[in-house]
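Chemist: Have a look at the structure that comes next, please.
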Amino acid sequence: MQGNVINIDLLKELAVKYKKTVTQIVLRWNLQKGAVTIPKSVRPERIIENSQIFDFELSDEDMKKIDNLDKNSRLGADPDNFNF
């Protein structure tokens, strides 16, 4: 659990640095990694917020900080080995 707290603190720190939300930081990281992400929300303010990721770019250093959070573990089911 300690690792998750550190991860959240890092993302909050980056959100303050870029004047964005944590969600916007994660969405921007996905975009810069070339990952297709489809955020879901029914709240108009969140839909607008989710779209406001094209006016900034994460630095290479900050991209690496987020990359280094990966511990190669999964919280949910493995989609490659899931019995539908």
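Chemist: Using the structure shown, decide if LYS40 is more than 16 Å from ASN7 (Cβ to Cβ), under 12 Å from the mean Cα position of the chain (by Cα) and among the charged types (D, E, K, R).
Modeler: Numbers: more than 16 Å from ASN7 (Cβ to Cβ): yes; under 12 Å from the mean Cα position of the chain (by Cα): no; among the charged types (D, E, K, R): yes.
It is false that LYS40 is more than 16 Å from ASN7 (Cβ to Cβ), under 12 Å from the mean Cα position of the chain (by Cα) and among the charged types (D, E, K, R).
Chemist: Also, quick follow-up: Could you list all residues from segment 39-67 that are more than 16 Å from LYS17 (Cβ to Cβ) and exposed (fewer than 10 other Cβ atoms within 10 Å of the Cβ)?
Modeler: LYS40, VAL42, ARG43, PRO44, GLU45, PHE54, listed by residue number.
Chemist: Would it be correct to say that GLU45 is farther than 23 Å from ASP9 by Cα and at pLDDT 95 or above?
Modeler: Yes: the conditions hold for GLU45.
Chemist: Continuing with the same structure: Do we have any residue at all in segment 21-29 that's open to solvent by 70 Å² or more (accessible area, probe 1.4 Å) and either among the basic types (Lys, Arg) or modelled with pLDDT of 95 or more (or both)?
Modeler: The answer is no, given that none of the residues of segment 21-29 is open to solvent by 70 Å² or more (accessible area, probe 1.4 Å) and either among the basic types (Lys, Arg) or modelled with pLDDT of 95 or more (or both).
Chemist: Further question on the same structure: For ASN50, only one of the following conditions fails: (1) within 21 Å of ASN7 (Cβ to Cβ); (2) out of contact with any helix residue (DSSP H, G or I) (no Cβ under 8 Å at 6 or more places or on another chain). What is its number?
Modeler: Going through (1) within 21 Å of ASN7 (Cβ to Cβ); (2) out of contact with any helix residue (DSSP H, G or I) (no Cβ under 8 Å at 6 or more places or on another chain) one by one, ASN50 breaks only (2).
Chemist: Filter segment 27-59 down to residues that are of a type in the set (A, V, I, L, M, F, W, C) and free of Cβ contacts under 8 Å to residues at least 24 places away in the same chain, then give me how many there are. Step through it out loud before you land on a result.
Modeler: Narrowing segment 27-59 to residues of a type in the set (A, V, I, L, M, F, W, C): 27, 29, 31, 35-36, 38, 42, 47-48, 53-54, 56, 58.
If we keep only those that are free of Cβ contacts under 8 Å to residues at least 24 places away in the same chain too, we end up with 31, 35-36, 38, 42, 47-48, 54.
So the answer is 8.
Chemist: Does ASN68 satisfy the criteria of being among the polar types (S, T, N, Q) and either touching a strand residue (DSSP E or B) at 6+ places or on another chain (Cβ under 6 Å) or at pLDDT below 95 (or both)?
Modeler: In short, yes.
Chemist: Further question: Give me a count of the residues in segment 75-84 that are within 23 Å of ARG28 (Cβ to Cβ) and open to solvent by 100 Å² or more (accessible area, probe 1.4 Å).
Modeler: Of the residues in that region, 1 qualify.
The values are calculated or read from the model by the stated rules, or taken from the named source; none is laboratory data. No experiment lies behind these values; they were computed from the predicted model shown. Glycine gets a Cβ as well: all are built from the backbone with ideal geometry, and neighbour counts include every protein chain shown. Surface areas here come from the heavy atoms of the whole protein model, side chains and all, with no ligands, DNA or RNA. Shrake-Rupley method; radii C 1.70, N 1.55, O 1.52, S 1.80 Å.
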